[in-house]
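Data block below; observations after.
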There are 2 protein chains.
Amino acid sequence: MHSVSGYVAQHKERFLEELFQGLRIPSVSSNSKGAAAMYQAADFFKGQLILAGADSATVMETEGWPVVFGQKQVGDDRPTVLVYGHYDVQPPEPLDEWKSPPFEPEVREHKIFARGADDDKGQLFMHLKALEYMVAEKCLPCNIKFLIEGEEEMGSPSLKAFCKQHQELLLADLILVSDTALYSLKQPTLTTGLRGLAYFELHVWGPQRDLHSGLYGGAVANPVNELAHILSQLKDREGRIRIPGFYECIQEPDLDELQQLRQLPFDEAAFAKGIGVPALAGEPGYSVVEQLGIRPSLDVNGIWGGYTGEGAKTILPARAMAKLSLRLVPGQEPVQVEELLRSYLHQIAAPGVAWELKALHGGNAYVVPWQGKGVQAAVRAMEQVLGVSPLPYHSGGSIPVIADFEEVLGQKAVLLGFGLESDAIHAPNENFPLENFYKGIETVAWFYHYYTLKQ
Amino acid sequence: MHSVSGYVAQHKERFLEELFQGLRIPSVSSNSKGAAAMYQAADFFKGQLILAGADSATVMETEGWPVVFGQKQVGDDRPTVLVYGHYDVQPPEPLDEWKSPPFEPEVREHKIFARGADDDKGQLFMHLKALEYMVAEKCLPCNIKFLIEGEEEMGSPSLKAFCKQHQELLLADLILVSDTALYSLKQPTLTTGLRGLAYFELHVWGPQRDLHSGLYGGAVANPVNELAHILSQLKDREGRIRIPGFYECIQEPDLDELQQLRQLPFDEAAFAKGIGVPALAGEPGYSVVEQLGIRPSLDVNGIWGGYTGEGAKTILPARAMAKLSLRLVPGQEPVQVEELLRSYLHQIAAPGVAWELKALHGGNAYVVPWQGKGVQAAVRAMEQVLGVSPLPYHSGGSIPVIADFEEVLGQKAVLLGFGLESDAIHAPNENFPLENFYKGIETVAWFYHYYTLKQ
């Protein structure tokens, strides 16, 4: 095991070149016309599994984009770890804000820039290369399975059914996922909580066609004004969500957990500076770490209506649309949140317009116990490679499939993420620091060592 | 003069074919790349002026799109009427809602369908064909000048300077404009009031890049949510505008005028049905005719922010934008409204976001006295051709240049519009009924007759 850092140093250029091949494939899962790229990406990761030394790897159909499954068996008496990752990426738009094209990876300032560099192709590659090392050096201490899906950025609509259908194939003692971030390599964190998600489209319709804003303005309800009114009623001016009943089911985190969370030397000023805002704005009475990790949130993700081109068009638009999503915490269910939101919309929408709420996808929040065997193996691997003990962290993000795994496969997941908050995932100029990539490979290899070590 | 209806009947097919040539030119003035079409349209109307019998016609440069000027002189002792119209049109978007392409005119159900069919190429053509008739029949009783601009749909930014520069060329005793609507051919109206306009773009900026809505949501002000809040604060739930001081300068219409306005048998139920809304929504205490004609209004014309494509993208957007406009009534000035709005925005915008208000264009409201010589000539022409006396009407629309004319050229304008509310101007499937087109030609010719008749 102690040779892993040497192995990484020796092969680092090749690792990077292989990752770049994967990053060049524009596997945007929300693009329904992107089948060629999606299958190309699935085939690429199948090939990488074989290259890394897997016994077998295969592309398997689902109701949506395919899943890549591969495995390396070392002995029936050994524990089995199921590695989960995804080969799909977020849309790259707005394209004009990228300094280099999103699907032409390049290294600048010791970081890999590309859509998917962190989320999740880069992090998934850490696992492929850790496997390669352990197979090459004949030090793999357990069986490994890979489940690589293509719909994570769409909310994994087909994966739950796939897992149910292939429950036996996916049998494992632990699930290992690198699709989250740590605070820094100097003060690493291990994500032990994820928020849930409920994502909606809200459509508002007024007149049956765009109207002249002079000839009709003042007598007809305007769907954009009405949508703005609705959105303004969803949160109060301090950031509390106003949907009646929304906070009622929340399971508060226990005090021990909260104390550990509060140990993180989180720099709120640097956080604000890093995203270029003059002031942070969150729910009063909670630190940023708490606002993001243990409190729910509501954001409009997109809005559209009327004329948005150059110059002035004097219309009263026929319709308007917003995409909005809520991040949920333990105790809150997407379906229940949808019901509460729908009831509230009935209360606040104006009678002069029609509206429709469409649920796009959702998932429950997730918590993994800090004292579990998997998390403690990750703690020791990080101590070994980074020289410092990680703290627990509750991420504001969501990986809806993690909760599904627990339900369907009956196992907890360990979230061994190596991204950084500054990696700009889901945004232009997504990146992944080379050091995180290489240290991640080493840490994954050490994880297997400590996970299988006799106590 | 009595031969005009016969002349129109004899030449109606050719009139239509000539109008179609003009409608095929996509002269969208807000398209800064549309120079070819704009100059083609200007040349076309110059040619039509010569064809109709003008002594001269010329395309004249301005700071923006060119103006077409033409004239027909019958005697220095005769009064001169300046006909104003515009060859530019609104953008045709959304294109997929047109039943026939916007720049491929066709007649269906006795209506001409095309962008500009009513506003304003069709109505301008009535004047060209009335001129043709009067020149052909040698019955033109006054001098006529044509001023045809190409920036009306942008708020005529260059026309005021052009009028100042060419004040002598444009000297006239009256300005005649057909760029408005009447209630119906059975109960015609003459527009004696227009609302003013103040059109803005409001930009809101949050973080310097799109953020992941999970990793940041709950701690950072969202520019779309903040824009929605701002927009929601501009009007109360009953439709009153909340900008402090906004109503203070309004000059109330006099009671005589109001009584005449109230005589119009306006069918509010049919109005709502015609635009497909379940209920009208306007300022309490006013009829629809009053809401549209003598009360100001505020509408969002367009809104954009974040991800608006297919599916779910979980971002907290970096920015958002709305186009919004206010229709003004006598006493309100666009510049003063901008100041009031700007002060109010300082009050209501959140500290976590930056904003910018850009004034795109504006113009004052306009009122022309019912008892004036010009309006009374129009009343008699309508009685002659349509067989019924028109009522006064205050249109909700704006023709900012009309107020400019009064200021620069020192003359009132008569608004002899032949459009219908159902013509869908500024919207998909704009149309102009053939009967309105042909009756309009006759009425314009009779207008000159009554305007020059010795009392």
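Values in this text are rule-based calculations from the coordinates and carry no lab data. Just so it is clear, the model here is predicted, and its values are computed rather than measured. Neighbour counts are summed over all protein chains in view; Cβ atoms, including those assigned to glycine, are modelled from backbone coordinates with ideal geometry.
With unit charges on the beta carbon (Lys/Arg positive, Asp/Glu negative), name the residue among A:Ala381, A:Ser422, A:Tyr393 whose Cα is farthest towards the positive pole of the charge dipole of the stretch A:373-422.
Of the options given, the answer is A:Ala381.
Within 10 Å of each Cβ in B:201-213, how many Cβ atoms from other chains are there, averaged over the peptide?
6
Could you tell me which of B:Leu258, B:Pro284, B:His166 has its Cα farthest along the dipole of the stretch B:132-290 towards the positive end, charges placed at Cβ (Lys, Arg +1; Asp, Glu -1), taken about the Cα centre?
Towards the positive end, the residue furthest out is B:Pro284.
Looking only at other chains, what is the average number of their beta-carbon atoms within 10 angstrom of each beta-carbon in A:267-279?
Partner-chain Cβ atoms within 10 Å, mean over residues of A:267-279: 4.
Ratio of Rg to Rh for the stretch A:217-281, alpha carbon only, Kirkwood?
1.17
To check you understand DSSP bridge types, tell me what percent of the beta bridges within the protein assembly as shown (both residues inside) are antiparallel, rounded to 5.
So the antiparallel bridges in the protein assembly as shown amount to around 70 percent.
Would you mind checking the pairs B:Lys33/B:Lys121; B:Lys99/B:Lys323; A:Lys323/A:Lys439; A:Lys121/B:Lys33 and listing those with alpha carbons more than 31 angstrom apart?
A:Lys323/A:Lys439; A:Lys121/B:Lys33
Run the dipole for the stretch A:1-150 about the Cα centre, Lys and Arg Cβ at +1, Asp and Glu Cβ at -1, nothing else charged, and hand back the magnitude in debye, nearest 20.
It works out to roughly 340 debye.
With +1 on each Lys and Arg Cβ and -1 on each Asp and Glu Cβ, and nothing else charged, work out how big the dipole of the protein assembly as shown is about its Cα centre, in Debye to the nearest 20.
Roughly 0 debye, rounded to the nearest 20.
Would you mind putting A:213-225, B:170-182 in packing order, based on average other-beta-carbon counts within 10 Å, highest first?
Most protected by this proxy first, the peptides run A:213-225, B:170-182.
Please report, to one decimal in angstroms, the Kirkwood hydrodynamic radius of chain A built from all distinct Cα-Cα pairs.
23.3
Which whole-percent values make up P(r) of the stretch B:11-120 when all C-alpha to C-alpha distances are grouped in 5 Å steps starting at zero?
Calculated P(r), rounded to whole percents: 2, 11, 19, 22, 18, 13, 9, 4, 2, 1, 0.
Just add up the charged neighbours of A:Gly282: K/R +1, D/E -1, any other residue whose Cβ is under 15 Å from the Cβ of A:Gly282.
That sum, taken over residues with Cβ under 15 Å, equals -1.
Report the equivalent ellipsoid semi-axes for the protein assembly as shown in whole Å, largest first, defined as the square roots of five times the eigenvalues of the gyration tensor built from alpha carbon atoms.
Computed over the protein assembly as shown, the values are 67, 27, 22 Å.
Quantify how strongly other chains surround peptide A:419-425 by giving the mean number of their Cβ atoms within 10 Å of each of its Cβ atoms.
If you average over the peptide's residues, the count of other-chain Cβ atoms is 2.
Per q in 0.22 Å⁻¹, report the Debye log10 I(q)/I(0) for the stretch B:109-155, using one uniform scatterer on each alpha carbon and no solvent.
For the stretch B:109-155, the Cα-only Debye profile gives -0.87.
Tally Lys and Arg at +1 and Asp and Glu at -1 over the other residues with C-beta under 14 Å from the C-beta of A:Leu174: what net charge comes out?
Overall, the nearby charge balance is +2.
Tell me the relative contact order for chain B as a rounded percent, counting alpha carbon contacts under 8 Å between residues six or more apart.
It comes to 26 percent, rounded to a whole number.
Round to the nearest 0.05 the FRET efficiency obtained for A:Met60 and A:Ile250 when R0 = 35 Å and r is the Cβ-Cβ distance.
0.40
Give me the percent relative contact order of the stretch B:295-443, please, defined on Cα pairs under 8 angstrom at least 6 residues apart.
This gives 18 percent for the stretch B:295-443.
So for the stretch A:232-373, averaging the separation of alpha carbon pairs under 8 Å that are six or more residues apart and normalising by length, what relative contact order in percent results?
Averaging sequence separation for qualifying contacts and normalising by length gives 25 percent for the stretch A:232-373.
Among all the aspartates and glutamates, which ones have a C-alpha under 15 Å from A:Lys160's C-alpha, if same-chain residues fewer than 8 places away are not counted?
The qualifying aspartates and glutamates are A:Glu61, A:Glu63, A:Glu149, A:Glu151, A:Glu152, A:Glu168, A:Asp404, A:Glu406, A:Glu407.
Any idea what the dipole of chain B comes to, in debye rounded to 20, about its Cα centre with Lys/Arg Cβ at +1 and Asp/Glu Cβ at -1?
Using only the charged Cβ atoms, the result is roughly 200 debye.
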